Amino acid sequence: HLALYSGGEQEVQILKIINDNHAENKIFLKGVVNNVIQEMQNVDCVILPSRWEGLPLIALEAFYAEKMILVSDIPNNIELVNDKTGLIFKKDDEKDLIEKIEIAMHADHVYYEKQAKEIYLKEYSNAHFYKQYKNIYDN
């Protein structure tokens with residue numbers, strides 16, 4: 001099954017594709033959710049197919065939720081995600097995305113999830129930022 005969150009401007013097109021392919025029982029358009037971390041508990045992995053992105057908070061949330069992530073190879077995504085924390089596919093390359101999804105279906109999710117959680121705790125957690133700010137103010 002595939003759950004899509006926040007269809008955005010393309011929501012009508014996405015619904016048409018779902019209906020045209022009779023995929024209503026396999027693809028679910030969820031819209032915007034308030035508690036992303038809680039929602040992530042219901043998925044096996046997270047896919048971030050961005051064409052552009054600032055700081056990809058979804059990647060950090062996936063790390064925190066200990067979920068495997070697949071991201072497009074845009075600069076800000078690959079700043080966070082690497083071959084230890086997830087899978088990277090070529091932006092706008094559906095064949096590469098499908099290949100990475102197939103790899104993810106057979107991958108050791110625990111390996112990626114543990115690596116990602118460790119990086120999150122070391123570099124992006126509140127405790128890490130607290131230490132960084134404390135060092136700045138102490139000096």
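Considering segment 73-93, and only residues there that are touching an Asp or Glu at 6+ places or on another chain (Cβ under 8 Å) and farther than 19 Å from Asp44 by Cβ, the residue that is surrounded by the fewest Cβ atoms within 10 Å (Cβ to Cβ) turns out to be Lys90. Among the listed residues Lys67, Lys26, which satisfies the condition of being open to solvent by 40 Å² or more (accessible area, probe 1.4 Å) and closer than 21 Å to Ile98 by Cα? Exactly one residue qualifies, and that residue is Lys26. Give the residue that is nearest to Ile47 (Cα to Cα), with candidates limited to residues of segment 9-23 that are of a type in the set (A, V, I, L, M, F, W, C) and either open to solvent by less than 100 Å² (accessible area, probe 1.4 Å) or in contact (Cβ under 8 Å) with a residue 60 or more places away in the chain (or both). Among those that are of a type in the set (A, V, I, L, M, F, W, C) and either open to solvent by less than 100 Å² (accessible area, probe 1.4 Å) or in contact (Cβ under 8 Å) with a residue 60 or more places away in the chain (or both), it is Ile14.
Residue-wise test of (1) touching a Ser or Thr at 6+ places or on another chain (Cβ under 7 Å); (2) assigned to a loop (DSSP other than H, G, I, E, B).
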site	(1), (2)
Gln13	no, no
Val33	no, yes
Gln38	no, no
Asn42	no, yes
Ser50	yes, yes
Leu55	no, yes
Ile58	no, no
Ala62	no, no
Asp83	no, yes
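Screening the candidates Asp96, Asp44 for the property of being touching a Lys or Arg at 6+ places or on another chain (Cβ under 9 Å) and open to solvent by 90 Å² or more (accessible area, probe 1.4 Å) yields one hit, Asp44.
The values are calculated or read from the model by the stated rules, or taken from the named source; none is laboratory data. Keep in mind that what you see is a predicted model, and the values were worked out from it rather than measured. With ideal geometry, Cβ positions are generated from the backbone for all residues, glycine too; neighbour counts draw on all protein chains shown. Ligands, DNA and RNA are stripped out before the accessible areas are found, and what is left, the full protein with its side chains, is counted by its heavy atoms. Shrake-Rupley method; radii C 1.70, N 1.55, O 1.52, S 1.80 Å.
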